Each structure stands twice: as C-alpha cells, then as structure tokens.
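S.K.: Before we start, here is the structure in question, set down as structure tokens.
The values are calculated or read from the model by the stated rules, or taken from the named source; none is laboratory data. Only a predicted model underlies this, so the values are computations on that prediction, with no experimental measurement involved. No Cβ is skipped: glycine too gets one built from the backbone with ideal geometry, and neighbour counts run over all protein chains shown. Ligands, DNA and RNA are excluded from the accessible area calculation, which covers all protein heavy atoms including side chains. Shrake-Rupley method; radii C 1.70, N 1.55, O 1.52, S 1.80 Å.
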Amino acid sequence: MATARKLETNGTLEIAMMDVDGQKLRVGVRQGPKGKPPLLMFNGIGANLELGQPFIEALEDTGAIIFDVPGIGGSPAPSFPYRPSSLARLAKQLVTSLGHDQVDVSGVSWGGGMAQQFAFQYSGLCRKLVLAATSSGFTMVPGKPNVLAKMANIRRYTDKGYMRSIAAEIYGGDFRKDPTLIDRHAGAMKGATNTGYALQLLAMTGWTSLPWLWMLRQPTLVMAGNDDPLVPLANAKLLATMIPGARLEVLDDGHLFLVTRPQESARMIEQFLHG
C-alpha cells in the first residue's frame, strides 16, 4: 500500500510525496488518455524530476510517471543501499499503487540501466521499452577518462557554475553549439546530496545487463546522440544488436538530447509507443 500527500501542480505534472513500502518518494504524474499505458521514466544520475519536465511537457498524447530516486531531489535517502533489482521493485510498487497494470518504460543514461532491469524483472508489467543515451552497465564502451571523472563528481549537480563550465565537454552535441542551453537545465537542478549521489554510483557497481539482453521481449527503441562523450554511440549499437528486434535511432546531438531537443525526442518516442 502507498499513501500520498499532494505537494503542488507544476505545469502538467501533479507532484506528491508518496510512502511506498516504507520509502518516501517525491513523485510527478502527468495524466494521460484512458486506456493507454503511461510512460514510467527513470532519470539520469543525480537528476531530480524537474529535469525531465521539458520532455514530459512535449509529449502530446502520453501520460507519464517520474520520481526522485531515494537521496535525490525531494526523496529522502533510504535506510540501506540499494541495487537495480530493489529499485525496480520499488518502482513496480509505485506503479501498481497508482493503479496501473501495465506501463511503457524509459530510462536515460544511469536510468537506462534501471529501465532495462525493470523490463527484465517485470516483463509482464512493461509493454514497451525506450533506452536513451545509455549502456549495458560495466561492460560498456567507456567515454574518455577525464569526461567520466567530471561526470562522477557531484559538483555538477550542486554547483551550477561548475555545471555550466563543463557542460559542453561532458554532454557534447548542442551544448557545444549553444552554451546558453545549459542555463535552463542548471536552473532546474536541486536536491542532490553526496549520500544520494554515492548510492546511485554504488548501485550500478558490477551491474550489467549483457547476459540477459537477448531475453528481453518488449518492443524496444534505442536512442543515442552521435556526439556523446559520456556514453559513446557504440553502446547504443550494442544494445540494439543484443535486444531482439530493437530499433536504433541516432540523433545529431549529444548526451542530453531529451533536454536540448524535447519536441523532436517526444515525437519520435510517441510514434514508437503508439505505432
């Protein structure tokens, strides 16, 4: 059972604090058409739910569910460290408590690993899968060491000036062409803590989906930028090869195309979900 306390309405997102199996989660819900599964979204590492809002607002005919991972944004830190399997179980309890017996699932970057785990762990609950700028875990083709070191530093979510100074280098794509794009992204950042960020890094230590990707049966859309310094394009090609029937779409952008090109990304994803 889950209990909820409504906090605010932000655009089309209804934001509430929910108690899910003893863990408090800050949850954003966008109501969608009846009879269509909502899109459950797993955000990137250190990212509060507002960072996914430009993409959610660009969706024309799709409901959405997004939440702050424990220790990030408005969700308090958990009592114990978690693994992808336990976070997937928490997300499943959230989805069922909201009254859904089926969802489409998406994940970006770090959240893409969680999306893969959810689809594998709860195959009957996950109808379709969208993987954006992500990889198969520790078996990934890595980015450059200096880029990965900056990514692992929580300063990019606690120090907006630092984020602006490194955005083009670590995210690539449109951030290289228009540095002002980072202002909107940095302005929405809030709530990351050292503990929460460390728990997210720890959760993925040693995790890989490579042994069971061939077992995923959901129709899958794999999306990637052709200039992604964090997760090189080779990772998307590997996912699309290993997941049966997966479709690969490459955008002329970097790591955060859901942020820099929300309308284009939303249109592509909705065509896949409703096609």
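S.K.: If you roll a 1.4 Å probe over the chain with all protein chains in place, what percent of the accessible area is carbon or sulfur?
M.R.: 55
S.K.: Sticking with this one: Taking a ≥ b ≥ c as the square roots of the eigenvalues of the Cα gyration tensor of region 216-264, is the shape rounded (a/c under 1.5), prolate (a/b larger than b/c) or oblate?
M.R.: Cα axes put region 216-264 in the oblate bin.
S.K.: Under the rule of -39500 (n - 2.57) per DSSP H run of 4 or more residues, summed and divided by the residues of the chain, what mean residue ellipticity at 222 nm is obtained, to the nearest 500 deg cm²/dmol?
M.R.: -10500 deg cm²/dmol
S.K.: Another question, then. How large is the translational diffusion coefficient of region 1-119 in µm² per second when you combine the Kirkwood radius over alpha carbon pairs with Stokes-Einstein at 37 °C and 0.692 mPa s?
M.R.: It diffuses with D of about 233 µm²/s by this estimate.
S.K.: For the chain, what's the relative contact order in percent, using C-alpha pairs closer than 8 Å and at least 6 residues apart?
M.R.: Rounded, it is 20 percent for the chain.
S.K.: Of Asn194, Ser109, Gly63, whose Cα points farthest to the positive end of the dipole of the chain (charges on the beta-carbon: +1 Lys, Arg; -1 Asp, Glu; origin at the Cα centre)?
M.R.: Ranked along the dipole, the leading option is Asn194.
S.K.: Normalise the Debye intensity by I(0) for region 113-220, one equal point scatterer per Cα, no solvent, then take log10 at q = 0.19 Å⁻¹ and round to two decimals.
M.R.: -1.10
S.K.: Let me ask another. Can you classify the chain as rounded, prolate or oblate using the Cα gyration tensor, where a ≥ b ≥ c are the square roots of its eigenvalues, rounded means a/c under 1.5, and otherwise it's prolate if a/b beats b/c and oblate if not?
M.R.: Since a/c stays below 1.5, the shape of the chain is classed as rounded.
S.K.: Further, regarding this structure: Using the Cα gyration tensor of region 180-221, with a ≥ b ≥ c the square roots of its eigenvalues, what is the shape: rounded (a/c below 1.5), prolate (a/b larger than b/c) or oblate (neither)?
M.R.: oblate
S.K.: Let me ask another. How many angstrom lie between the Cα centre of region 15-55 and the Cα centre of region 159-218?
M.R.: The distance from the Cα centre of region 15-55 to that of region 159-218 comes to 17 Å.
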